[in-house]
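A short write-up of the structure that comes next.
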Amino acid sequence: MDPISNPFTPGAGSPPPEIVGREGVLEQARILLGRIRQKRPEKSILLTGLRGVGKTVLLNEMERMASRDGYHTLHVEALEDKPLGALLVPPMRKLLFELDRIAGAGDKARRGLAVLKSFLNGLKVKVGEVEVGLDIEPERGAADSGDLESDLPNLFLAVAEAADERQSAVALLVDEMQYLAPKELSAVIVAMHKMQQRQLPMLLLGAGLPILPRLAGESKSYAERLFSFPEIGPLSEPDAIKALKEPTRAVGVAFEEQALVEVFRLTQGYPYFLQEWGYQCWNRAVSSPITLQIVQDATATVIQRLDQNFFRVRFDRLTPGEKRYLRAMAGLGPGARRTSDIADALGVRITSLGPLRARLIQKGMIYSPAHGDMAFTVPLFNEFMLRAMPDANRLA
Ligand SMILES: Nc1ncnc2c1ncn2[C@@H]1O[C@H](COP(=O)(O)OP(=O)(O)OP(=O)(O)O)[C@@H](O)[C@H]1O
Ligand SMILES: [Mg+2]
């Protein structure tokens, strides 16, 4: 069928034709936004889940909800190798200028800019060409100590007070939060703690891999009282079927029941995979309905595409030793595996694997769902490892 009208949207953060099965967490966000707007306390939301479950899609949707509710939004994606301060300054500056333009008495937005300029001076890194505002003097001592754990909260306070003065509110959205450096994460937590204590209208909507709750808890023990960590998982069978059926039905195309069941089996309900299978099935089908045969024929193409893109980009970032570790893990079968079994499979002592494991966690490849267990952060990665390295003793 016509690829131009293909309703499926495989990609990173590409909005699906319909956000299926996430009503609960979106309702939670609606309540949070409403309560913080009224300056009532509520836990901020940090979404956690494996790769490709739809965290970024949800964060984008929540940003739209926030804007509709009159929030000013600040959206950043944490990167492994770029300091948070440098990411925050440009959008923060824009936000403060926006607040400054809103009519009303008071000068807290101007003060916010002066604090931002102070914060910029305190950063040990250069932020490209960013100039906060030529006619604004930095407020010395406000946020330039060079210690992020005190400077960032001070900056957030100034920004939230400026929003409050204009009867507005601020939603900070941070994607890939697990990549924040420990200092950065604790600075963000301290800052949000301050917001709650002072009842200022600023909230955090974050997303990250399943390791995020532990990182937050280790950073500040009160994090669990400050944030809620909804787990975003694969879709249930009825939801997965809906995610395939509704978008095609809207354009007069049907799926055979058996075809839907087969796509669910192959994808295990993971949203990104659903979009990939849906997309290829659509392109392969000549007319409605999309049959089981079409699904079976499309599967080879889908797997090839996944192997070449989705899985491969992650595989290529690994050292030979890291590949061997993951291959040993995959060889043990799907699901979480005991670290001791992985060491046995590699024929080495478990203690010698600590640093390697830490690097793989840092790269976001694996996480520990329970003490002594390791699991892949990418769904179906175990099957990919077996295809990429059929022989456990030889590197691909
Ligand atoms: N609720 C949903 N129903 C159907 N498809 C969805 C849903 N949520 C997301 N998708 C699709 O899944 C894919 C992945 O979404 P997204 O990039 O938001 O995942 P993610 O969790 O942020 O992944 P990563 O951890 O790799 O950043 C996209 O193609 C998107 O269209
Ligand atoms: Mg994402």
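If you go through segment 63-74 one residue at a time, do you hit one that is open to solvent by less than 20 Å² (accessible area, probe 1.4 Å) and among the hydroxyl-bearing types (Ser, Thr, Tyr)? Checked against the condition, which is being open to solvent by less than 20 Å² (accessible area, probe 1.4 Å) and among the hydroxyl-bearing types (Ser, Thr, Tyr), segment 63-74 yields at least one hit. Residues that are under 13 Å from Gly206 (Cα atoms) and open to solvent by 10 Å² or more (accessible area, probe 1.4 Å) within segment 15-29 comprise just one, Val25. Of all the criteria given as (1) part of a loop (DSSP other than H, G, I, E, B); (2) within 16 Å of ligand 2 (Cβ to nearest atom), the one not satisfied by Phe273 is (1). Residues of segment 30-58 that are more than 14 Å from ligand 1 (Cβ to nearest atom), among the small types (Gly, Ala, Ser) and open to solvent by less than 20 Å² (accessible area, probe 1.4 Å): Ser44 alone.
Of all residues in segment 270-287, those satisfying the criterion of being open to solvent by 40 Å² or more (accessible area, probe 1.4 Å) and touching a residue at least 60 places away in the same chain (Cβ under 8 Å) are Tyr279, Asn283, Val286, Ser287. Applying the criterion of being among the small types (Gly, Ala, Ser) and within 13 Å of ligand 1 (Cβ to nearest atom) to the residues of segment 1-29, the residue that is nearest to Ile303 (Cα to Cα) is Gly11.
Checking the stated criteria, Leu79 turns out not to satisfy the condition of being within 16 Å of ligand 2 (Cβ to nearest atom) and modelled with pLDDT of 95 or more.
Within the bounds of segment 317-328, is there any residue that is part of a strand (DSSP E or B) and out of contact with any Phe, Trp or Tyr (no Cβ under 7 Å at 6 or more places or on another chain)? Within segment 317-328, none of the residues are part of a strand (DSSP E or B) and out of contact with any Phe, Trp or Tyr (no Cβ under 7 Å at 6 or more places or on another chain).
Tell me, please, whether a residue that is in contact with a Gly (Cβ under 8 Å, 6 or more places away or on another chain), open to solvent by 20 Å² or more (accessible area, probe 1.4 Å), near ligand 1 (Cβ under 10 Å from one of its atoms) and assigned to a helix (DSSP H, G or I) can be found in segment 244-262. Within segment 244-262, none of the residues are in contact with a Gly (Cβ under 8 Å, 6 or more places away or on another chain), open to solvent by 20 Å² or more (accessible area, probe 1.4 Å), near ligand 1 (Cβ under 10 Å from one of its atoms) and assigned to a helix (DSSP H, G or I). Of all residues in segment 216-239, those that are among the aromatic types (Phe, Trp, Tyr), touching a Ser or Thr at 6+ places or on another chain (Cβ under 8 Å) and away from ligand 1 (no atom under 16 Å from the Cβ) total 1. The residues of segment 368-392 that are open to solvent by 40 Å² or more (accessible area, probe 1.4 Å) and closer than 26 Å to Gln308 by Cα, listed by number, are Glu383, Leu386, Arg387, Pro390, Asp391, Ala392. State whether the residues of segment 18-31 include one that is modelled with pLDDT under 95 and within 16 Å of Gln275 (Cβ to Cβ). So far as segment 18-31 goes, yes, one or more of its residues are modelled with pLDDT under 95 and within 16 Å of Gln275 (Cβ to Cβ).
Within segment 202-214, is there a residue that is open to solvent by 50 Å² or more (accessible area, probe 1.4 Å), outside any strand (DSSP E or B) and more than 30 Å from Arg166 (Cα to Cα)?
yes
In segment 6-14, the condition of being within 14 Å of ligand 2 (Cβ to nearest atom), open to solvent by less than 20 Å² (accessible area, probe 1.4 Å) and at pLDDT 95 or above is met by no residue. Scanning segment 166-201 for residues that are over 21 Å from Leu123 (Cα atoms), out of contact with any Leu (no Cβ under 7 Å at 6 or more places or on another chain) and assigned to a helix (DSSP H, G or I) yields Met195, Gln197.
The values are calculated or read from the model by the stated rules, or taken from the named source; none is laboratory data. Quick caveat, the model's predicted, so the values are computed rather than measured. FYI the Cβ positions are ideal-geometry reconstructions off the backbone, even for glycines, and counts take in every protein chain you see. For the accessible areas, the whole protein counts, side chains as well, though only heavy atoms, and no ligand, DNA or RNA atoms are used. Shrake-Rupley method; radii C 1.70, N 1.55, O 1.52, S 1.80 Å.
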